[in-house]
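Structure record follows, encoded as structure tokens.
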Amino acid sequence: MRLRNVTGSREVIAACDYVIHNPQECRGKWHEVFGNDCPIRIEIGMGKGRFIMDLARMNPQINYVGIEKYSSVLIRGIQKLEADPLPNLYFIRMEAEEITSVFAQGEADRIYLNFSDPWPKDRHAKRRLPSREFLRRYDEILVADGVIEFKTDNHDLFQFALEELEPAGWKILQMTEDLHHNAQMMEGNVMTEYEERFSSKGNPICKYVIVRSRDAAD
Ligand code: SAH
């Protein structure tokens, strides 16, 4: 994500009702926050938020939380949400490493990772959102049959993500290295901003859908 310094974005975010300002206080209480018992799904690294806003609009019976680290990026999502409010969507400005202090075990049933930063240097592998370190954090907040969906056009990151699955206790439900030519996995696909940009350049999009391997019914 290109980082432009948007003047006053922290102040705008602080005043915004669609942003959860003290997310740790919601831990274990997310259903109260939404005021219903509908499932809760999280996008980590939502960027400008188009994907999660489209999902929230299409699925009013599901609650969504979009997480983004940078105010200057999140503000773009806030501006869109203010123009078109959605009762089943909140944003949080936070570093994803803190996710287990914001969600309790079983509070979410799905996590979306879309076009996560690749962190190409080996010594930064732990910062990659599909790394085993992050998979352990997701394990702590998802329901037993919880699902993670990951899309990227970065082959190295995708290969890394695949290698992380077994050691972290996850298994593939669905996988493709060319999503846009896979009719089955394209069904219901919601494009992200990055996906539109990179697929229009001709980059194939990789995607996996994973669940915990210990829940295997085999
Ligand atoms: N999901 C969007 C944006 C992809 S760019 C899309 O597909 O269009 C990746 C985004 O993730 C950036 O906005 C970046 O700031 C955010 N991000 C990266 N690492 C993060 C972290 N550890 N915690 C929260 N957000 C993060």
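Using a Förster distance of 25 Å, how high is the FRET efficiency between VAL209 and SER101, based on the Cβ-Cβ distance and rounded to 0.05? Efficiency computed from Cβ-Cβ geometry: 0.40. One equal scatterer on each Cα of region 95-218, no solvent, Debye formula: the resulting log10 I(q)/I(0) at q = 0.23 Å⁻¹ is -1.45.
Considering region 120-177 at the alpha-carbon level, its Rg and Dmax are found to be 11.3, 33 Å. Solvent exposure of the chain amounts to 50 Å² per residue of accessible area, where only protein heavy atoms count and the probe is 1.4 Å. The share of C-alpha pairs in the chain whose separation exceeds 32 Å stands at 13 percent. On the chain, 46 percent of the accessible area sits on carbon and sulfur atoms, based on a 1.4 Å probe.
The values are calculated or read from the model by the stated rules, or taken from the named source; none is laboratory data. Remember, it's a predicted structure, so these values are computed and weren't measured experimentally. As a convention, Cβ positions derive from the backbone with ideal geometry for all residues, glycine included, and neighbour counts pool all protein chains shown. The protein model used for the area step is the full one, side chains on, heavy atoms only, and it has no ligands, DNA or RNA in it. Shrake-Rupley method; radii C 1.70, N 1.55, O 1.52, S 1.80 Å.
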